[in-house]
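> The structure under discussion is supplied below as structure tokens; questions concerning it will follow.
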Amino acid sequence: MDDTSDFDRESLLLKPVAAYFRRKSFRWQEEELPFYAHRVDLYGFSRVSGRTVAVELKLHKWQRAFAQVILYQLCADYVYIAMPANSIGRVDIDLLKTHGIGLLSIGNGGRCRQILGSEQSTVVCDNYKDIYVNILTKGEEYKW
């Protein structure tokens, strides 16, 4: 596998991931939404399905992303880790599968593809989710 990557900042992963989820009907999106001590890199809402998605972008440290998306299952129906294609080989796919976490691969050309689908969270809290959906759809300010 090629160890070179066009991605030297997580923010470069955002555009292809956001486009991927827009195509999946998650058209309402917000970046860097605070959730406890973290910030959800991309949070999306689909009016079609009424579902939400939270994505953590990482260049290499998938274990840190894992710790974050486990928490994001409290505020989103589906959670994903998104990484450059050349970093995917290091990820413990079985661990993600066990916890219902999805995985996206972003190639150097910006193509985003799903490696592992996310299972719907069984611990999502409607109160958290509603706050974020209102931020996205009604322009409400973030407040806890």
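> If the elastic network links every pair of Cα atoms under 10 Å, which of A19, A67, A54 fluctuates the most in the Gaussian network model of the chain?
A67
> A follow-up question, please. Sorted from largest to smallest, which semi-axis lengths in Å does the alpha carbon gyration tensor of the chain give for its equivalent ellipsoid, taking the root of 5 times each eigenvalue? Mind dumping the intermediate values first?
Values: eigenvalues 116, 51, 36 Å².
For the chain, the semi-axes come out at 24, 16, 13 Å.
> List the lysines whose Cα lies under 21 Å from the Cα of K61, skipping any in the same chain that are fewer than 8 positions away.
Within the straight-line cut-off, K61 pairs with K15, K97.
> Please give the calculated 222 nm ellipticity per residue for the chain, where each DSSP H segment of at least 4 residues contributes -39500 (n - 2.57) and the sum is spread over every residue; nearest 500 deg cm²/dmol?
On the way: 4 runs with 43 residues, N = 144.
One gets -9000 deg cm²/dmol as the mean residue ellipticity at 222 nm.
> Farthest toward the dipole's positive end in region 11-134, which of C75, V55, L14, given Cβ charges of +1 (Lys, Arg) and -1 (Asp, Glu) about the Cα centre?
Working it through, the farthest residue towards the positive pole turns out to be L14.
> Quick check: residue separation of R90 and S49 times 0.36 nm, minus the Cα distance between them. What number comes out in nm?
Values: separation 41, 0.36 × 41 = 14.76 nm, distance 3.26 nm.
Computed gain between R90 and S49 is 11.5 nm.
> Report, for the chain, the % of DSSP beta bridges that are antiparallel, rounded to 5.
Working: 15 of 25 bridges.
Here the share of antiparallel DSSP bridges comes out near 60 percent.
> Which FRET efficiency, nearest 0.05, do N108 and E32 yield, Cβ-Cβ r, R0 25 Å?
Working: r = 24 Å, r/R0 = 0.98.
That gives a FRET efficiency of 0.55.
> Using 0.36 nm times the number of residues separating D8 and D126, minus their current alpha carbon distance, what extension gain do you get? Mind showing how you got there, number by number?
Values: separation 118, 0.36 × 118 = 42.48 nm, distance 3.58 nm.
Between D8 and D126, full extension yields an extra 38.9 nm.
> Cut-off 10 angstrom, C-alpha nodes, Gaussian network model of the chain. Which of C112, C75, C125 fluctuates the most?
Fluctuation is largest for C125.
> Picking from Q63, Q120, Q29, which is most flexible by a Gaussian network model of the chain using Cα springs under 10 Å?
Q63
No lab work stands behind these numbers, since they all come straight from the coordinates. Values in this document were obtained by computation on a predicted structure and should not be read as measured data. Don't worry about glycine lacking a Cβ; one is built from the backbone with ideal geometry, like all the others, and counts go over all protein chains shown.
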